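Have a look at the structure below before the remarks.
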Amino acid sequence: MTIPASHRPAREWLLLVLALAVVGGAVVPLWHLAGGETREDFAAKWTPERLRALFLGPEQVLCYVAFVWAALILQSRYREVWRQRSAFGFGLLPDEEGARILPEDARPLARKVEHVTGRRPFILANMIRLGLGKYAISKSAPDVAEVVRSQADVETSRLVSTMGTVHYLAWAIPAIGFVGTVRGLAGAFGMAGVTDVGMADFTRQATDQLKIAFDCTLVALLLSLVLMYIVHTVQRAEETLVVDAQEYCQEHLLLRLYDPG
């Protein structure tokens, strides 16, 4: 069976490695020529205390909870996509060269689809079953094509609507980071009203509050970038699944229907 174009890998990871190699080959020499900080300077700046303050603030922990929750939802959806793809190997429709589907074959084929899938929910099987049911009644290939197309739209809408929790969490992560930013800025500006501390203590405490503000923003934005890429990957897999199911119906169902008209 010819592999559909949507099944072929786009070699995106290979292109990512190539992009990293090109950018790294240009940036690393320039970094050394510009006198970038040494390893000792980097170690002195990022002490364990500084790393703990960066990654273990209350807002950061909330961001981790939202990220892990969304990642678990997306993992289950990605596994469901692979379960759905197993239906393409069930042999739900005849694939012999020159095979035709007559109106009297529609209901037996629909019963075969239900038997093979064990009435488990499969997007491909549902499209085929509805299409065969319409063909058994109308005996019109254009009507079957309309049913398949409408069901594909329904499945796409259902996949989009059930992604609502993930989209909320993807929005909530930077929002939580912004809450930490506001808290840090408010603490820094609040130090301006303190008069019973020395300049050194004032500077140190204001700097600590500003670090809270920027640390929350940094962690939240990084998590949001990673999560949005995972969301994009899963959504693309789900959309490709529906498109491939339509293509399967086009090749093995619609083009094999016998239309007396």
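Does Arg83 count as over 22 Å from Val219 (Cα atoms), at pLDDT 85 or above and surrounded by fewer than 17 Cβ atoms within 10 Å (Cβ to Cβ)?
On the way: over 22 Å from Val219 (Cα atoms): yes; at pLDDT 85 or above: yes; surrounded by fewer than 17 Cβ atoms within 10 Å (Cβ to Cβ): yes.
Yes, satisfied.
The number of residues in segment 108-147 being over 14 Å from Phe90 (Cα atoms), in contact with a Lys or Arg (Cβ under 9 Å, 6 or more places away or on another chain) and part of a helix (DSSP H, G or I) comes to 7.
Would you point out which residue out of Ala125, Ala152 is closer than 14 Å to His252 by Cβ and in contact with a helix residue (DSSP H, G or I) (Cβ under 8 Å, 6 or more places away or on another chain)?
Values: Ala152 fails: closer than 14 Å to His252 by Cβ.
Sole residue among the options that is closer than 14 Å to His252 by Cβ and in contact with a helix residue (DSSP H, G or I) (Cβ under 8 Å, 6 or more places away or on another chain): Ala125.
Right, Glu114: charged (D, E, K, R) and over 30 Å from Met228 (Cα atoms) or not?
Working: charged (D, E, K, R): yes; over 30 Å from Met228 (Cα atoms): yes.
Spelling it out, Glu114 is indeed charged (D, E, K, R) and over 30 Å from Met228 (Cα atoms).
Annotation note: Cβ proximity below 9 Å between a residue of segment 68-85 that is in a helix (DSSP H, G or I) and a residue that is charged (D, E, K, R) and crowded, with 17+ Cβ neighbours inside 10 Å (sequence gap 6+ or interchain) occurs for Arg77/Glu238; Tyr78/Glu238; Glu80/Glu238; Val81/Glu238; Gln84/Glu238; Arg85/Asp244.
The values are calculated or read from the model by the stated rules, or taken from the named source; none is laboratory data. Bear in mind the structure is a predicted one, so any value in this text is a computation, not a measurement. Here Cβ is always computed from backbone atoms with ideal geometry, including for glycine, and neighbour counts include all displayed protein chains.
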